[in-house]
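S.K.: Got a structure here, written out as structure tokens. Questions coming.
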Amino acid sequence: MALYDKPAHVLHEMLAKKEISSVELTEDVLARMDKVEKSIGAYITVTRDDALRTAEETDKKISSGEEISFLEGIPCGIKDNICTNGIKTTCASKILENFVPPYDATVITKLKQEKPVIIGKTNLDEFAMGGSTENSAFHATHNPWNIDCVPGGSSGGSAAAVASGSAIWALGSDTGGSIRQPASFCGVVGMKPTYGRVSRYGLVAYASSLDQIGPITRDVTDCANILNIISGHDDMDSTSSAADVPDYTKSLVADVKGLKIGMPKEYFIDGIDEDINNAVRKAIDELKAMGADVKEISLPHTAYAIATYYLIAPAEAATNLERYDGVSYGERVDGADVVDMMKNTRTQKFGDEVKRRIMIGNYALSAGYYDAYYLKALKVRTLIQRDYTEAFKDVDVIACPTAPTPAYKIGEMIDDPLKMYLQDVCTVPLNLAGLPGISVPCGYSSNGMPIGLQIIGRPLGEETVIRAAYAYEQSQNFHNDMAKIGGVDA
Ligand code: GLN
């Protein structure tokens with residue numbers, strides 16, 4: 001019996017009932033990885049020995065009759081921009097190629113109390129800048145549903161690992177869609193929590209006012225359980241919320257009667273892929289048939305979200321990435337003097353997209369342009385936030401597509417950054433407003449690629465988002481579908 005294709009909550013029950021051992025499960029996932037990694041390339045680092053050692057500890061615990069926690073003994077992948085003590089954390093960049101953090105990110109500290117089996121660090125666009133995982137300095141990741149296609153990004157390695165069975169679940173990070181969009185491209189569930197819900201301490205900073213860590217899972221049940229574990233205030237992150245963490249699994253009730261759902265007309269834009277339009281509308285109709293109250297709403301400043309995001313995120317990135325100078329951080333490339341050394345280091349070790357954003361960011365922040373670009377973007381950000389505040393006076397959640405197209409071919413957009421940026425139209429507004437959002441599978445395009453339904457909630461409204469997503473998921477069967485990997489499963 002294959003184990004790699006099951007969600008964590010099913011495997012947890014099997015472990016607790018001693019039907020399987022954690023070593024058996026870990027070996028099954030590692031064997032699957034051995035089979036698929038050549039085609040998929042989801043990982044940068046695989047921690048095979050540590051994984052098996054942790055699995056053995058879980059098995060000892062189980063056989064001694066001790067109870068195990070939800071994630072205990074279950075293999076997972078961690079996006080390689082989340083610091084793991086003693087395990088390389090590269091951000092898919094040559095500048096951090098050999099960086100071994102001397103500490104754990106808070107999410108990892110929290111996870112380790114649960115003793116999951118960390119089997120590796122997953123691929124991403126360099127420093128999480130991108131939407132296809134093609135910007136990794138090491139290798140591209142392929143979509144398990146069609147290996148000629150991108151898995152989305154920047155958490156493409158995490159989503160592809162979960163979709164291909166080389167991890168049961170994974171952590172990603174989302175600054176402008178990097179959890180939700182790859183989840184939608186790979187047919188899995190991905191959630192970006194409210195800004196501040198999960199500590200950012202130990203997440204390598206891209207754009208600090210937007211970054212959030214969140215789970216990528218097979219289903220909404222796993223998502224709720226993992227959110228319970230990773231959420232909460234952290235003294236090490238002053239932007240983390242002091243609000244209590246509710247038990248998100250209480251929202252796993254398949255009931256949306258009376259739930260008010262808004263359909264923002266600006267998200268069903270001209271140019272949206274026909275299959276996406278149909279699948280998402282059908283999903284919303286399904287929620288309506290289950291008793292939800294659906295109405296059209298307007299978020300009038302949506303059209304400015306991309307421009308706003310692509311000023312604020314690069315501005316913050318330019319500042320955050322100053323530290324990679326070959327002195328404080330970064331693989332040093334020598335030079336004639338210190339300035340030459342820094343120039344060589346940054347020129348040779350950063351990839352093109354990272355350099356592009358550092359230049360855009362510094363331009364937008366420079367004297368003379370600050371008011372015209374950066375300050376203006378901050379003002380528009382407030383208008384975008386207000387759109388949501390207004391909308392949430394009338395509705396409980398907002399439902400729309402996660403991405404305007406399904407996964408596209410590797411290489412198709414990489415030479416056209418602007419076209420790639422426009423892909424983020426449905427995801428970046430939430431980050432600008434700090435809101436929680438989930439992507440849940442809702443069908444397939446005519447060429448068989450997965451489509452995601454995005455559900456957006458009020459600040460700290462994760463419970464309602466999970467409730468709506470779970471009710472929809474349970475009315476369908478998409479979460480039980482597993483990708484057939486060309487050349488491996490076919
Ligand atoms: N695609 C977006 C970007 O390129 C989002 C990235 C992210 O969320 N990390 O910035």
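The values are calculated or read from the model by the stated rules, or taken from the named source; none is laboratory data. All figures in this text were calculated on a predicted structure; none of them were measured in a lab. Positions of Cβ are backbone-derived with ideal geometry, glycine not excepted, and every protein chain shown enters the neighbour counts.
S.K.: Answer yes or no as to whether THR382 is touching a Lys or Arg at 6+ places or on another chain (Cβ under 7 Å) and either within 13 Å of the ligand (Cβ to nearest atom) or closer than 19 Å to TYR304 by Cα (or both).
M.R.: No.
S.K.: To continue, here is another question. Which ones in region 378-397 are hydroxyl-bearing (Ser, Thr, Tyr) and either touching a residue at least 60 places away in the same chain (Cβ under 8 Å) or farther than 19 Å from THR464 by Cβ (or both)?
M.R.: Answer for region 378-397, where residues must be hydroxyl-bearing (Ser, Thr, Tyr) and either touching a residue at least 60 places away in the same chain (Cβ under 8 Å) or farther than 19 Å from THR464 by Cβ (or both): THR382, TYR388.
S.K.: Hey, another quick one. Taking ARG386 as the residue in question, decide whether it is of a type in the set (Lys, Arg) and buried (at least 18 other Cβ atoms within 10 Å of the Cβ).
M.R.: Considered against the rule, which asks whether it is of a type in the set (Lys, Arg) and buried (at least 18 other Cβ atoms within 10 Å of the Cβ), ARG386 comes out as no.
S.K.: Tell me whether region 161-183 contains one or more residues that are within 9 Å of the ligand (Cβ to nearest atom), over 22 Å from LEU321 (Cβ atoms) and crowded, with 24+ Cβ neighbours inside 10 Å.
M.R.: yes
Okay, residues lined up against (1) away from the ligand (no atom under 16 Å from the Cβ); (2) over 29 Å from TYR310 (Cα atoms); (3) surrounded by fewer than 18 Cβ atoms within 10 Å (Cβ to Cβ):
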position: ALA407; (1), (2), (3): no, no, no
position: ASP415; (1), (2), (3): no, no, yes
position: LYS419; (1), (2), (3): no, no, yes
position: ASN431; (1), (2), (3): no, no, no
position: GLY443; (1), (2), (3): yes, yes, no
position: ILE451; (1), (2), (3): yes, no, no
position: ILE456; (1), (2), (3): no, no, no
position: ALA471; (1), (2), (3): yes, yes, no
position: SER475; (1), (2), (3): yes, yes, yes
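S.K.: Against the condition farther than 19 Å from ALA283 by Cβ and aliphatic (A, V, I, L, M), how does ALA183 come out, does it pass?
M.R.: no
S.K.: Considering (1) over 23 Å from ARG467 (Cα atoms); (2) away from the ligand (no atom under 16 Å from the Cβ); (3) of a type outside the set (Phe, Trp, Tyr); (4) surrounded by fewer than 24 Cβ atoms within 10 Å (Cβ to Cβ), say which one SER208 fails and leave the rest.
M.R.: Tallying (1) over 23 Å from ARG467 (Cα atoms); (2) away from the ligand (no atom under 16 Å from the Cβ); (3) of a type outside the set (Phe, Trp, Tyr); (4) surrounded by fewer than 24 Cβ atoms within 10 Å (Cβ to Cβ), SER208 fails exactly one: (2).
S.K.: Residues of region 110-123 being buried (at least 24 other Cβ atoms within 10 Å of the Cβ) and touching a helix residue (DSSP H, G or I) at 6+ places or on another chain (Cβ under 6 Å), which ones?
M.R.: Passing the criteria: VAL117, ILE119, THR122, ASN123.
S.K.: Considering every residue within region 188-199, establish whether at least one is at pLDDT 95 or above, hydrophobic (A, V, I, L, M, F, W, C), out of contact with any Ser or Thr (no Cβ under 9 Å at 6 or more places or on another chain) and more than 22 Å from TYR309 (Cβ to Cβ).
M.R.: No, region 188-199 contains no residue that is at pLDDT 95 or above, hydrophobic (A, V, I, L, M, F, W, C), out of contact with any Ser or Thr (no Cβ under 9 Å at 6 or more places or on another chain) and more than 22 Å from TYR309 (Cβ to Cβ).
S.K.: Go through region 13-124 and tell me which strands (runs of 3 or more DSSP E), entirely inside it, have 3 or more residues that are aliphatic (A, V, I, L, M).
M.R.: Answer list for region 13-124: 117-122.
S.K.: I would also like to ask the following. Hey, can you tell me all the residues within region 200-239 that are of a type in the set (Asp, Glu) and within 30 Å of VAL10 (Cα to Cα)?
M.R.: Result: ASP219, ASP222.
S.K.: Among the residues of region 347-379, write down those that are within 16 Å of the ligand (Cβ to nearest atom), crowded, with 16+ Cβ neighbours inside 10 Å and not charged (D, E, K, R).
M.R.: PHE350, GLY351, VAL354, ILE358, ILE360, GLY361, ALA364, ALA377
S.K.: Would you check if ALA224 is surrounded by 19 or more Cβ atoms within 10 Å (Cβ to Cβ), among the hydrophobic types (A, V, I, L, M, F, W, C), within 15 Å of the ligand (Cβ to nearest atom) and in contact (Cβ under 8 Å) with a residue 12 or more places away in the chain?
M.R.: Against the criterion (surrounded by 19 or more Cβ atoms within 10 Å (Cβ to Cβ), among the hydrophobic types (A, V, I, L, M, F, W, C), within 15 Å of the ligand (Cβ to nearest atom) and in contact (Cβ under 8 Å) with a residue 12 or more places away in the chain), ALA224 does not qualify.
S.K.: Do we find that PHE138 is surrounded by fewer than 24 Cβ atoms within 10 Å (Cβ to Cβ) and either touching a residue at least 24 places away in the same chain (Cβ under 8 Å) or more than 14 Å from the ligand (Cβ to nearest atom) (or both) in this structure?
M.R.: Spelling it out, PHE138 is indeed surrounded by fewer than 24 Cβ atoms within 10 Å (Cβ to Cβ) and either touching a residue at least 24 places away in the same chain (Cβ under 8 Å) or more than 14 Å from the ligand (Cβ to nearest atom) (or both).
S.K.: Return the residues of region 90-135 that are acidic (Asp, Glu) and out of contact with any strand residue (DSSP E or B) (no Cβ under 9 Å at 6 or more places or on another chain); say none if nothing qualifies.
M.R.: Those that are acidic (Asp, Glu) and out of contact with any strand residue (DSSP E or B) (no Cβ under 9 Å at 6 or more places or on another chain): GLU97, GLU114, ASP125, GLU126, GLU134.
S.K.: Of the numbered conditions (1) part of a helix (DSSP H, G or I); (2) surrounded by 19 or more Cβ atoms within 10 Å (Cβ to Cβ); (3) of a type in the set (Lys, Arg), LYS6 satisfies every one except a single condition; which is it?
M.R.: It fails just one condition, (1).
S.K.: Just for region 227-254: of the residues that are hydrophobic (A, V, I, L, M, F, W, C) and under 20 Å from the mean Cα position of the chain (by Cα), which one is farthest from the ligand (Cβ to nearest atom)?
M.R.: ILE229
Residues checked against (1) free of Cβ contacts under 8 Å to residues at least 40 places away in the same chain; (2) under 17 Å from the mean Cα position of the chain (by Cα):
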| site | (1), (2) |
| --- | --- |
| ASP50 | no, no |
| ARG53 | yes, no |
| SER69 | no, no |
| GLY73 | no, no |
| ILE82 | no, yes |
| LEU124 | no, yes |
| ALA128 | no, yes |
| GLU134 | no, yes |
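S.K.: Of CYS400, CYS426, which residue is within 16 Å of the ligand (Cβ to nearest atom), in contact with a Pro (Cβ under 6 Å, 6 or more places away or on another chain) and within 30 Å of HIS142 (Cβ to Cβ)?
M.R.: Of CYS400, CYS426, the one residue that is within 16 Å of the ligand (Cβ to nearest atom), in contact with a Pro (Cβ under 6 Å, 6 or more places away or on another chain) and within 30 Å of HIS142 (Cβ to Cβ) is CYS426.
S.K.: Output the residue which, of all residues in region 336-373 that are more than 27 Å from THR133 (Cα to Cα), of a type in the set (Asp, Glu) and assigned to a helix (DSSP H, G or I), is modelled with the lowest pLDDT.
M.R.: Looking at the filtered set, the residue picked out is ASP371.
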